[in-house]
Amino acid sequence: MNINLDFNYKSIKPFIFICFHFGILALVFSLIVHRLSQTRKDALIGSLSLITIRLTVDARPTATLIEFSNMEEVKLIGMWLSPYSYRVIWALKLKGIAYEYIEEDLSNKSPLLLHSNPVQKKIPVLIHGGKPICESSVILEYIEEIWPQNSLLPSDPYERAIARFWIKFADDKSPSISNIYRTSGEEQEKAVKDSLEMLKTIEEHGLVGEKKFFGGDKISMVDMAFGAVAHWLGVIEDVAGLKIFEQHKFPRLNSWIQNFKEVPIIKENLPDRDKMLALLKRRREMLLASE
Amino acid sequence: MGEENKVMLHGNWSSPFVKIVHLALTLKGVPFEYVEEDLENKSPQLLKFNPVHKKVPVLVHNGKPIVESLIITEYIDETWKNSPQFLPEDPYKRAKVRFWSNFVQQQLFGSIFTIIKTEGEAQEKAIKEVSEKLQLLEEELKEFFPDGSCSIDSENVGLLDLVFCSLFGPQKVEEEVLGLKILDPGKTPLLCSRVTAINQLSLVKELTPPRDKLVAFLKFIRENALKSASG
């Protein structure tokens, strides 16, 4: 049989040409990626996954298909003792977002903090692609919108409204907990009373229905908002020498605390108890001495 | 109106928080039933729908209650997607709107309320705080509106506008009750022109209570607060 090689070669020539150049491109690309920092590699993987999800799932024509915004650098200005700081750490880690953590000395605030949060001069501040976002609840919503993977908020508007209600409740009432160690006498009594009311409300209204977490089976930003109750309250009780949270009085809350602290990201990212105890005790002494 | 898509708003005429929600529903063209609550004698329904705080506003949609004015407004925005969209599309801009709406409603409002309820040194301190906070707000508005633009119509009202509108009514009743200006166009021109613009909307005008009623109400709050302070 006479095989016409000329004909075959001509027809596959463009194909070989494309494959060859594609191969070169792939080689160059992998060399570039190999040289990227871990941060950028994670961000690149995150983006490519997101693009894939968006292309296959998200039919919104307005959403830019190539949203490199989630590849931009993420920095978090935080403080190791602050539950508000941890809310953001937990959210970032649960979503697999790489970030640079900057520990802030609140007794000597950095130019970066003062520039990023001139209104309140507080932590946490998330800086994404150079743009600052302040207030932990606002930061959590922002993180949820930019990196929708491992969702931390329900998709149904009514359920979201409920979640937001409890986050606001946590924001409004949590300061009572820290006031327990910051005050004495009548002021402390009020802080204890307010904290107990908060716990009672959560027990009676927030955790109804044998749920594992506030939002059901999965951890959400509501659980993170109550982080202070799960970990900080116990330490503060020791600092003040008071017993506020009695397990038998708050059975649902007690279960929730166990569930919350068993989540690996939470378990691995909590401030050291002894370190906290020592520092808060010192702080309390200083505060009471200055009164 | 059947149970399907039934919307009710429990409110009180004097509450700025209710005003935000009332405006939001009206601007979106959502049909709803308004229930005026007597805050001295709260209805069993209100207590059932908001057992935690027992406050207005409460939005009840298809029998399910939503509370907290800013949360309700976001819910309205997410459920009725026609314009005006109260929150912007861009996540960073949304974060800014949320931050400032909270700031104005909690911190600024709190300080203004202190001015109303106190006198002497305590009042002076609150006046200073309000002035500082208004300046911060003015600086931020310069970024939101770099070309100083201030045209508002019923299609482009934002969440922050609703919050301004709830706090700063057109009649400047606080001037009469307190004998001082809270908003000064000389100090915060952009904020003042934004507030004026939104108060010109006919929908807003319709929802503004009569002047004498507001003056009487503020006077009552002030007198009561001063009386209980002096014991």
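What the table shows:
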| quantity | calculated |
| --- | --- |
| Rounded FRET efficiency, nearest 0.05, which uses the C-beta distance separating residue B:230 from residue B:90 and R0 of 60 Å | 0.75 |
| Net charge of neighbours whose Cβ lies under 12 Å from the Cβ of residue A:157, counting Lys and Arg as +1 and Asp and Glu as -1 | -1 |
| Two-site label geometry, residue B:13 and residue B:54: point separation in nm, points 7 Å out along Cα→Cβ | 2.4 |
| Calculated FRET efficiency for the pair residue B:208/residue A:114, C-beta based, R₀ 45 Å, to 0.05 | 0.70 |
| Of A:95/B:28; B:42/B:125; A:212/A:243; A:109/A:168; A:267/B:19; A:131/B:64, pairs whose Cα-Cα distance is over 32 Å | A:95/B:28; B:42/B:125; A:267/B:19; A:131/B:64 |
| Within the protein assembly as shown: Cβ-based charge dipole about Cα centre, in debye rounded to nearest 20 (Lys, Arg +1; Asp, Glu -1) | 760 |
| Total accessible area lost when A and B pair, probe 1.4 Å, Å² to nearest 100 | 2300 |
| Residues residue B:113 and residue A:262, FRET efficiency given R0 of 56 Å [Cβ-Cβ distance, rounded to 0.05] | 0.85 |
| Nearest-20 debye value, the stretch A:168-291 charge dipole, Cβ charges on Lys, Arg, Asp, Glu | 200 |
| For the stretch A:89-240, accessible area per residue (1.4 Å probe, heavy atoms of protein chains only), Å² | 41 |
| The stretch B:36-115-the stretch B:135-193 distance, computed between alpha-carbon centres (Å) | 20 |
| Solvent-accessible area of residue A:246 with every protein chain in place, 1.4 Å probe, in Å² to the nearest 10 | 60 |
| Label-point separation in nm, residue A:238 to residue A:288, each point 7 Å along Cα→Cβ | 1.7 |
| Average other protein chain Cβ within 10 Å of Cβ, residues A:111-124 | 1 |
| Modelled label reach - residue B:5, point 7 Å along Cα→Cβ, the stretch B:50-77 residues with backbone N closer than 13 Å | B:62 |
| Fraction of beta bridges assigned by DSSP in the protein assembly as shown that are antiparallel (%, nearest 5) | 70 |
| Which of B:17, A:17, A:214, B:145 is most accessible, then next, and so on - probe 1.4 Å | A:17, B:17, B:145, A:214 |
| Length released on extending from residue A:101 to residue A:186, taking residue separation times 0.36 nm less the Cα-Cα span | 26.7 nm |
| Positive-end residue of B:183, B:198, B:18, charge dipole of chain B with Cβ unit charges | B:18 |
| Within 10 Å of each Cβ in A:161-170, the average number of Cβ atoms from other chains | 5 |
| Antiparallel DSSP beta bridges within chain B, percent to nearest 5 | 65 |
| Gain on full stretching of the segment that runs from residue A:30 to residue A:193 - 0.36 nm per residue minus C-alpha separation | 52.7 nm |
| Kyte-Doolittle at least -1.0, axis length at least 30 Å by Cα - qualifying DSSP helices, chain B | B:120-144 |
| Dipole of the stretch B:130-219, positive direction: furthest Cα of B:152, B:163, B:209, with charges on the beta-carbon | B:209 |
| Per-residue SASA entry for residue A:158, accessible area with 1.4 Å probe, Å² rounded to 10 | 30 |
| Net charge dipole size for chain B [Lys, Arg +1 and Asp, Glu -1 on Cβ; Debye, nearest 20] | 400 |
| Proximal charge balance of residue B:56 [Cβ under 13 Å; K/R count +1, D/E count -1] | -1 |
| Antiparallel bridges, percent of DSSP beta bridges restricted to the stretch B:1-130 (to nearest 5) | 65 |
| Farthest positive-ward along the protein assembly as shown dipole, Cα basis, beta-carbon charges - from A:94, B:88, B:110 | A:94 |
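The values are calculated or read from the model by the stated rules, or taken from the named source; none is laboratory data. Quick caveat, the model's predicted, so the values are computed rather than measured. Counting neighbours? That spans all protein chains shown, and the Cβs are built from the backbone with ideal geometry, glycine included. Please note that ligands, DNA and RNA were not included when accessible areas were found on the heavy atoms of the full protein model with its side chains. Shrake-Rupley method; radii C 1.70, N 1.55, O 1.52, S 1.80 Å.
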